[in-house]
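What follows draws every value from the coordinates through simple rules; no lab data is involved. This structure is a prediction, so every number in the text was calculated from the model and none was measured. Backbone-built Cβ (ideal geometry, glycine too); neighbour counts: all protein chains shown.
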Amino acid sequence: MANIFVLEDEEIMSDLIENTLEAVGHQVVKCSTIQEAQELFEKEPTNFDALILDRNLPDGDSIDLAKELQDKSLLSKVPIIFNTNLSKPAQILEGMAVGAFWYLTKPTTPTILQALVSNAVGTYQVYRAGMEKQKLLEGMLSYLNKSEFTFHTHSEARQLAESLSLMFPDAQRALLGVTELLLNAVEHGNLSISYSEKTDGLVRGYFHQLVQERQSDPALKSRKVRVEIDKKPERTQIQIQDEGSGFDWREYLEISPERIFDPHGRGIVMSKAISFDKLEFIGKGNIVIATQERPQAAE
């Protein structure tokens, strides 16, 4: 299914991660030191779909490796999952600050690890697909300044996100955020999938089935997500509105210690921190406005 890199110096933990991921079809490449990892990345910089990093290693802290990878264009977008004994809130925030997709503390629960890796790989595949289509679409989209779209389904959200991200000043930054916000509008908005339902579905492996069942529900399948995008010389702004009952969005603007180890729930935080310069929810939370400024306008 995917190629996963594991940096872990404890042999028992390394073997546990390998067996856990190979059981669901992934291929695993392992290293036990930062130096080995650096040498491998120099030889095979495009071979991985996700990276799982321990922090306490014989030759240093992999936080430094993560920062180094951010400067390598071929690896900077590959999702990183830290898996470590360092579990203080400040250490968790340190990991998230370098762009980690997620932060786990040992001992690792196999089902959580499988769900997180699946989620990370899926996000990265959306990113890669969007970038591959960019050259085909960017010429046409350069003439589009303002438009409105409506869609219904989970798959339509992903497809539309790939195109809409190209209208932002930094398409690579925007793709993650646009994708997360459109998926949230479908899943938690129109399909009324609660946070706990998604958690259980991801951990137990039936989340996609749950989405399909809700999309077939007569009471829900006619609901639409409405998207308006407005591109101006100084910024691009997107407004997303679903037909759900809303949610308390304030809980999801920052990293929550209570949810840090769940296999989802970081989309709004990451959108705010990485993809957009401004993120604003309106009223009951079923309308969100996200803005990305052009560099010259931000200065």
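How much length is gained on full extension from A97 to I12, taking 0.36 nm per residue of separation minus their Cα-Cα distance?
Extra length from A97 to I12 when fully extended: 27.7 nm.
What are the aspartates and glutamates whose alpha-carbon lies under 19 Å from the alpha-carbon of K88, with same-chain residues fewer than 8 places away excluded?
D54, D61, D64, E254, E258, D262
Using a Förster distance of 22 angstrom, determine the FRET efficiency expected from the C-beta separation of E243 and D200, and round it to 0.05.
Efficiency, rounded to the nearest 0.05: 0.35.
Pull out the extension gain between V24 and T111, defined as 0.36 nm times the separation in residues minus the alpha carbon to alpha carbon distance; nm, one decimal.
30.3 nm
Using a/c under 1.5 as the rounded threshold, could you call region 205-275 rounded, prolate or oblate? The axes a ≥ b ≥ c are square roots of the C-alpha gyration tensor eigenvalues, and prolate needs a/b larger than b/c, oblate otherwise.
Note, shape of region 205-275 comes out oblate.
Could you tell me the relative contact order of the chain? Use alpha-carbon pairs under 8 Å, at least six residues apart, and round to a whole percent.
14
Working from the pairwise distances between different alpha carbons, so that the mean of 1/r is found and then inverted, what is the chain's Kirkwood radius in Å?
Hydrodynamic radius (Kirkwood, Cα only) of the chain equals 20.0 Å.
How much of the DSSP bridge set in region 3-115 is antiparallel, in percent, rounded to the nearest 5?
The antiparallel proportion sits near 10 percent.
Please report the antiparallel percentage of the DSSP beta bridges confined to the chain, to the nearest 5.
So the antiparallel bridges amount to about 60 percent of the total.
Hey, got a sec? Which trypsin sites (Lys or Arg not before Pro) in region 140-246 land in a DSSP loop and have at most 16 other Cβ atoms within 10 Å?
Loop-located and lightly packed - K221, K224.
Which one, V288, V117, V24, has the greatest fluctuation when you compute a Gaussian network model over the chain with C-alpha springs under 10 angstrom?
V24
Return the single residue from E22, E234, E258 with maximal mean-square fluctuation; model: Gaussian network over the chain, springs between Cα atoms under 10 Å.
Its mean-square fluctuation being the largest, the pick is E258.
Taking only Cα atoms and a 10 Å spring cutoff, compute GNM fluctuations for the chain and point out the largest among A157, A115, A90.
A90
Of the peptides 178-189, 60-71, how do they stack up when ordered by the mean number of other Cβ atoms within 10 Å, highest first?
Per-residue mean Cβ counts within 10 Å order the peptides as 178-189, 60-71.
Beyond 20 Å between alpha-carbons counts as too far, so tell me which of K72/K272; K77/K231; K43/K77 fall in that bin.
Too far apart for the 20 Å limit: K72/K272; K77/K231.
Give me the three principal axis extents of region 144-298 from the C-alpha atoms, as integers in angstrom, largest value leading.
46, 36, 27
Tell me, in nm to one decimal, what length is gained between T46 and E228 on full extension, where the rule is 0.36 nm per residue of separation less the Cα-Cα distance?
62.0 nm
Given the convex hull of the Cα atoms of region 3-115, what is a quarter of its surface area in nm²?
6.3
What aspartates and glutamates could a cross-link reach from K224, if we take a straight Cα to Cα line under 12 Å and drop same-chain neighbours fewer than 8 places away?
Partners within reach: E156, E187, D242, E243.
Exactly which chymotrypsin sites (Phe, Trp or Tyr not before Pro) in region 173-282 are in a DSSP loop and have at most 14 other Cβ atoms within 10 Å?
Passing both the DSSP loop test and the Cβ count: Y206.
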